[in-house]
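Notes follow the structure.
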Amino acid sequence: MAEADGELDRVVVDRSEGFGERLLGVLLDRAHEMPPQLVAPLIAEEVAIVGGREVSILLQDYEQLMLVPLRGRRLRVGEPQPIDASSAGTAFLRAAAVEVVQPDGVRMYLPLLDGSDQVGVLALTLDTVDDDDRRLLRRLAGLVADILVTKNGYTDEFFRARRLSPMTTAAELQWSLLPPLTMSTPQVEVAGILEPAYQVAGDSFDYALNGDILHVAVIDAMGHGLDAAVMATVAIGAYRHSRRSGIALAETYAFMDTAIADQFGPEQFVTAHMMQLNVVSGRLQWVNAGHPAPLLIRDHDVVQQLKGPTTLPVGFGGEQPRISEQQLHRGDRVLFFTDGLVEEHLAGGEQFGEEQLIDVVARVGRVQVGLRSTVRALSQTLKRERGGATSDDATLFLVEWRGGSADHLATASWDDGRSTPPGAAGSTRNQTPTT
């Protein structure tokens, strides 16, 4: 603010397209060699340049219940925000900016998206907000998310911030093994969750999108504690090695089976689902090595349990498995889960069971929007209806097939919708590219 002729005049801040590109370029240039502890003050400085203040970086905790403020110089640090009952949580779950009008300006909450994985939320306050602000801050938040993910590989600060409870060594091992909890493309989306987050041991999942094929494995290693976590680590390692070697599902099972048997002996085992989905055609193939049958969900209802031939758990030397197949419809979802979800029961009581699971899936699916929020709500609802008991690990992994093509994302797009860049042959306007 500046005073002129006895009146307060607002300082005009340049937030044009060209200015924004220069600002983001400076952040990107500096970030390459930036030590992790200086990321926060650099982000606060960039926000201040565009007239922002009271900057907070909120990261999701391991239970996916809270958004926890990252501590750092020039960052505003407050209380953790509940994901299900806060403006920051709304921005996080919907992957869209939320604006809250306050007496001193507008509080903005911008999702931090690394690809399609929600890292957390960037919060800041501006005097006023227009479309230039929204465009620039959306891009800034995307770059901040990428920086946080990159720096996360060589610092413990972000891990510490996300912990709201002590974590076991087994859980530490499992979390270091996991891919991002969500992935979204125009053709397919996935989301997974593990519980209990701070004590999980034998459950894990892995996935990769290679060309037109989505590969998924959901596993449950025998036992509890560190021994189960070590076995799960070997199983996932064997799965990744075989997947990256390009071998088929049946051979993947055999490779994992040999790895577990050789390392842990004939009495130890891992149950598993290995799946491949063609994201263009919707053709689903899977091998079931001792897991509950996955659920096929269409228009929010469970229309089928994907039952088929099963083989022995990994490590027991089963015969070559038979491959099950299912043709999906666009919008279909497939829910994979481990037995800890349905076998939970109170002392002397009946198991929770698959019928109750199917009922909860239908109820939750009707009120939730998006895969991430659906998986979170499923996990929380199921935990409540199981009496809050988590005597065994439990995993949910949800896949939604959308079909179509993603080729349009590889085509440069410009403000006026033309594919010809400004300045190229046939271009008569001085247009700035949409980045």
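The angle between the Cα long axis of helix 131-152 and the longest principal axis of the Cα atoms of the chain comes to about 50 degrees, rounded to the nearest 10.
If you wrap a convex hull around the C-alpha atoms of the range 167-404 and split its volume per residue, what is the figure in Å³?
Values: hull volume 27.3 nm³, N = 238.
Normalising the Cα hull of the range 167-404 by residue number yields 115 Å³.
Taking the Cα centre of the range 167-404 as origin and assigning +1 to Lys and Arg Cβ atoms and -1 to Asp and Glu Cβ atoms, the resulting dipole is close to 880 debye. Stokes-Einstein diffusion for the chain, with the hydrodynamic radius set to the Kirkwood value over Cα pairs and evaluated at 20 °C in a medium of 1.002 mPa s, equals 90 µm²/s.
If Lys and Arg each add +1 and Asp and Glu each add -1, what is the summed charge of the other residues whose beta carbon sits under 11 Å from the beta carbon of R402? Display every interim value, and only then the final one.
Details: positive: R330, R333; negative: E189, D332, E400.
Here the charged neighbours net out to -1.
Placing unit charges on the Cβ atoms only, positive for Lys and Arg and negative for Asp and Glu, gives the chain a dipole magnitude near 460 debye about its Cα centre. Using the empirical formula 2.2 N^0.38 Å as the baseline, the Cα radius of gyration of the range 2-160 reaches a ratio of 1.03. The relative contact order of the chain comes to 12 percent, based on Cα pairs under 8 Å that sit 6 or more residues apart.
Taking the helices alone, the chain has a mean residue ellipticity at 222 nm of -10000 deg cm²/dmol, built from -39,500 (n - 2.57) per DSSP H run of at least 4 residues and averaged over all its residues.
All of the numbers you see were taken from the coordinates with simple rules; none came from a lab. Quick caveat, the model's predicted, so the values are computed rather than measured. Neighbour counts are summed over all protein chains in view; Cβ atoms, including those assigned to glycine, are modelled from backbone coordinates with ideal geometry.
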